[in-house]
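Visitor: Next up is a structure, given as structure tokens.
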Amino acid sequence: QVQLVESGGGLVQAGGSLRLSCAASARTFSQYAMGWFRQAPGKEREFVAQITSSGGSTYYTNSVKGRFTISRDNAKNTVYLQMNSLKPEDTAVYYCAAGRFVGLSEREAAFDSWGQGTQVTVSS
């Protein structure tokens with residue numbers, strides 16, 4: 001498993017931007033697909049975005065397409081989530097996840113390592 005530590009959350013006004021970072025401990029980071037999930041109060045955790053191990057392909061849930069961008073720097077063992085045009089409905093705890101699989105998946109079961117989460121709050 002991989003140890004993951006998220007950072008970059010905070011309070012922002014609607015229309016603003018934040019960039020989340022997730023630092024991974026594994027020397028084999030480049031072999032892991034990485035994903036971002038979120039959980040709003042009173043709701044189940046949901047998929048947000050995923051990037052393949054090489055960074056060559058990405059996948060987003062429809063509600064964030066065109067506003068969020070996932071990227072990774074394998075030299076720094078870090079994955080990012082750039083969030084623009086934030087909306088109050090984006091308010092949630094955001095989790096970083098890692099999985100050793102090929103391709104794209106939004107299933108939580110595909111990921112076997114999770115961070116502790118970082119709070120993102122968007123005010124209207």
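Visitor: Between Ser7 and Asn62, what FRET efficiency follows from the Cβ-Cβ distance if R0 is 35 Å, with the result rounded to 0.05?
Guide: In this case the efficiency is close to 0.85.
Visitor: Accessible area per residue of the chain at 1.4 Å probe, in Å²?
Guide: Accessible area per residue: 50 Å².
Visitor: What's the FRET efficiency of Val102 with Ser124 using the Cβ-Cβ distance as r and R₀ = 35 Å, to the nearest 0.05?
Guide: Efficiency computed from Cβ-Cβ geometry: 0.30.
Visitor: Using alpha carbon coordinates only, what is the Rg to Rh ratio of segment 81-124, with Rh defined as the Kirkwood radius?
Guide: 1.06
Visitor: Here's something else I'd like to know. Going by amide H atoms built from the backbone, whose H comes under 5 Å of the H on Val48, apart from near neighbours?
Guide: The list, which skips near neighbours in sequence, is Trp36, Phe37, Arg38.
Visitor: Let me ask something else. What percentage of the solvent-accessible surface of the chain, computed with a 1.4 Å probe over protein heavy atoms, is contributed by carbon and sulfur atoms?
Guide: Roughly 44 percent, rounded to a whole number.
Visitor: While we're here: Once you mark the trypsin sites (Lys or Arg not before Pro) that are in a DSSP loop and have at most 11 other Cβ atoms within 10 Å, what is the longest gap between them in the chain?
Guide: Looking at the chain, 66-106 is the longest stretch - no exposed trypsin sites (Lys or Arg not before Pro) with at most 11 other Cβ atoms within 10 Å.
Visitor: Counting only residues 5 or more places away or on other chains, whose amide H sits under 5 Å from the amide H of Phe68 once H atoms are built in the peptide plane?
Guide: Under 5 Å from the amide H of Phe68: Asn84.
Visitor: Restricting things to alpha carbons, tell me how big the chain is in terms of Rg and Dmax, in Å.
Guide: When restricted to Cα atoms, the chain yields Rg and Dmax of 13.3, 41 Å.
Visitor: How much of the DSSP bridge set in the chain is antiparallel, in percent, rounded to the nearest 5?
Guide: Expressed as a percentage, antiparallel bridges in the chain total about 90.
The values are calculated or read from the model by the stated rules, or taken from the named source; none is laboratory data. None of these values were measured; they are calculated from a predicted model. Methodologically, a virtual Cβ is constructed for each residue, glycine included, from the backbone with ideal geometry; neighbour enumeration extends over all protein chains shown. Accessible surface is based on the protein model in full, side chains and every heavy atom, while ligands, DNA and RNA are left aside. Shrake-Rupley method; radii C 1.70, N 1.55, O 1.52, S 1.80 Å.
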